[in-house]
Amino acid sequence: MLEFLEMCGFEEKERRTQQPRVQEVFDRLGLSDQDLERAKDRMTTFYDLDLLGVRKIMRILVKDLCNTVLMREDGRTRVVHSCMAPGMDILGSALMDNYDDAGWIDPNFTFMAILGGLFDKYVPILEAAERQWLKSGAVAHCGMVKSRVGLISLGLIPKPDLTITTGFACETSPKVNELLEEVYGIPACYVDACQDRELWEYPDSTRVISFAAKSMRAAVERIHEVTGCRITDDMLWKVLEERKAFEDAVGRLKTLVQMSDPIPFRSAHLTLLMALDLIPATADGFVELVDALDTLHEELLERTRQGIGATSKGAPRVLGMFPHHHADPRWEHVANQMGVAIVACDFEGAPQGGAAGDVRELGDPYWAIVQHLNGPFTQPLGGRLDIILNMCRNLRVDGVFCHYHPGCRYVVADVMIVREAILKELGIPVLMIEWENFDPRAYNHEQYETKLETFKSMMESSSPHLETLS
C-alpha cells in the first residue's frame, strides 16, 4: 500500500497518515493485495509516472475516492448525489464550503479512473446494474447510467438523500433517477433542458441557457427542501471566482498538448483531466488542483523543448469525437504505441461566435454555470458539425476517430452524417469505432489494431499536414 501511495504522489509523512484511511476504503471496495500489484503494473504501463504533475493528479483522485466512500463517517451526514450533470460540481462546492455536515458526490468519473483505469475492476459495477434493470448486449444502456445504479446497489458509495441529474443531452438519465427513487426510495431531482434546438439558433444559445438556468435555480430550491441547506447566489459567485484559476490551468495544459509535436504525454492522461473537472472542490481543493495542473504544464513544456513525447515527431494527428475512454486506457495507449497522436476531442471545441456575453454583468450565477451549453455536446447537428470542422482545420489534424456509442442515441444517430461532412469538406480519413465510453468490455485488441494500421496508412498517404507541421 505504501508503494502504491508513493506512486500516486503522496509524500512520505502523508503516506503513513493516510494509509489506514485508504486501506479501509479499498477493503470496502473489495481491492486485495493482488489488485494493488496489478494496479501498480497498469500505472507504469499506461501513465507517465515520471511526471510529478501526473502523480499529483492521481493523488487528488485517490483522495476524492476516499472522501466519497467515507463521506458520512467524516461527518457530512446530508449527501447529494449528481451524475450526468455538468455544472453541478459548482453547486457541490458551494454546499460543502458552507455546510460542514453536508456533502456532494459525483463519483462516476473518479471511480472509472481509479477502479477502471488503475485496477481494471470496473466491470463488476456495470454487471451489478445489469442485474437490476439496465440492459447489456446489442441494445445496451449507457455505461454512465449503469455506473450510478451499480455503485448504489452495491453500497460502494453512501446512499444519498437526493439524486440530481439533467436532461441536457440524455433523457435516459432522468428516467434512471426516477427508478432509483422507486427502488431505493431516494428522492430524485432533475434540471430540464431544451433538446429541440434549431440550426438558426446557432451559435446563440440564449433561449436554451435561459431555460436551463431557471430550471437549475428551481433544483437548488429542491436541494434546500430535502437537506435544509440553502445555496445563495453569493456562494455560487465565490465558487465561480475560485474555480476560474482551475479552468485557466486546464486551458493552458490542453492548448500545450494540442499545439505540440510530438504530443508531450500519453493521450490516456486526458481522461484524468475530465475526472478532475467534476470534483466538487472546496477552496483548498482548487488550490491543490491548480498546483497539480501547473506542475504538469511546466513539465510538459520542458518536454516540448527537448522534443520528448508519446509519439514520434510528425506522427499523424487525430481528433477524437466523444471524449477519451473513461474506464479503459488501452484505447489511447495502443493508438499512441502505433504512432497516432490524439491531440483533442470534439468536446473541447467552442462555437464560432455566440452571445454568451459577460455573465457577471447579467447578475445571475446560473447563467455562468450553464455556459457549457454553448459547447459542441448540446448543439444541433449543424452547429456540432461547424465546431468539429473548425477544430480539424485549426488543429491541422490528419484524421478523425469517430467513436460512436450505441448506448447513446444522441451520438449514434449522427455518425454517418458527420463522417460524410468531414470527408467532403476536409478530405481526411475518418475511422469509425463502435465503442462504449465507460465499459472496458467493448475493447477488442485484434480488431482495433487492424483498424489502426489501415487508418494510419490512409493518413500517411493522403495528408499534407505530416509534411508541414512544425
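Annotations for the structure displayed:
- For the stretch 391-412, the tally of residues that are within 30 Å of residue 167 (Cβ to Cβ) and in contact with a helix residue (DSSP H, G or I) (Cβ under 9 Å, 6 or more places away or on another chain) stands at 13.
- Per the listing 384, 409, 419, the residue uniquely out of contact with any Lys or Arg (no Cβ under 6 Å at 6 or more places or on another chain), buried (at least 17 other Cβ atoms within 10 Å of the Cβ), free of Cβ contacts under 8 Å to residues at least 24 places away in the same chain and within 28 Å of residue 195 (Cβ to Cβ) is 419.
- For the stretch 403-434, the candidate set comprises residues that are among the β-branched types (Val, Ile, Thr) and outside any helix (DSSP H, G or I); within that set, the residue that is nearest to the chain's Cα centre (by Cα) is 433.
- Flag if residue 212 is surrounded by fewer than 22 Cβ atoms within 10 Å (Cβ to Cβ), of a type in the set (A, V, I, L, M, F, W, C) and part of a helix (DSSP H, G or I): no
- Restricting attention to the stretch 228-249, the residues that are assigned to a helix (DSSP H, G or I) and either farther than 30 Å from residue 321 by Cβ or of a type in the set (A, V, I, L, M, F, W, C) (or both) add up to 13.
- The condition (being in contact (Cβ under 8 Å) with a residue 60 or more places away in the chain and in contact with a strand residue (DSSP E or B) (Cβ under 8 Å, 6 or more places away or on another chain)) is satisfied by just one residue among 208, 226: 226.
- The criterion of at least 2 residues that are among the small types (Gly, Ala, Ser) is met, among helices (runs of 4 or more DSSP H) falling completely within the stretch 250-369, by 283-306.
- Looking across the stretch 195-251 at every residue that is aliphatic (A, V, I, L, M) and farther than 30 Å from residue 287 by Cα, the one that is nearest to the chain's Cα centre (by Cα) is identified as 208.
- Within the stretch 135-159, considering residues that are assigned to a loop (DSSP other than H, G, I, E, B) and either within 22 Å of the chain's Cα centre (by Cα) or β-branched (Val, Ile, Thr) (or both), the one modelled with the lowest pLDDT: 139
- Sole residue being surrounded by fewer than 19 Cβ atoms within 10 Å (Cβ to Cβ), at pLDDT 90 or above and not aliphatic (A, V, I, L, M), chosen from 182, 198, 171: 182
- Taking (1) crowded, with 24+ Cβ neighbours inside 10 Å; (2) closer than 29 Å to residue 443 by Cα; (3) out of contact with any Cys (no Cβ under 9 Å at 6 or more places or on another chain) in turn, residue 254 satisfies each apart from (1).
- Selected residue (criterion: surrounded by the fewest Cβ atoms within 10 Å (Cβ to Cβ)) from residues of the stretch 422-442 that are in contact with a helix residue (DSSP H, G or I) (Cβ under 8 Å, 6 or more places away or on another chain) and over 21 Å from residue 456 (Cβ atoms): 425
- Considering (1) within 18 Å of residue 348 (Cα to Cα); (2) not in a loop (DSSP other than H, G, I, E, B), the lone condition that residue 437 does not fulfil carries the number (2).
- Single match in 266, 217 (criterion: touching a residue at least 40 places away in the same chain (Cβ under 8 Å) and crowded, with 18+ Cβ neighbours inside 10 Å): 266
- Exclusive hit being free of Cβ contacts under 8 Å to residues at least 40 places away in the same chain and farther than 26 Å from residue 380 by Cα, set 178, 171: 178
- Exclusive hit being buried (at least 21 other Cβ atoms within 10 Å of the Cβ), more than 19 Å from residue 292 (Cα to Cα) and either over 22 Å from the mean Cα position of the chain (by Cα) or among the polar types (S, T, N, Q) (or both), set 102, 39: 102
- Filtered by the rule that a residue be over 17 Å from residue 65 (Cα atoms) and under 27 Å from the mean Cα position of the chain (by Cα), the stretch 4-35 gives a lone residue, 11.
- Condition check for residue 218: of a type outside the set (Phe, Trp, Tyr) and modelled with pLDDT of 95 or more: yes
The values are calculated or read from the model by the stated rules, or taken from the named source; none is laboratory data. Predicted model only: the values in this text are computed from it and were never measured. Cβ: placed from backbone, ideal geometry, glycine included. Neighbour counts: every protein chain shown.
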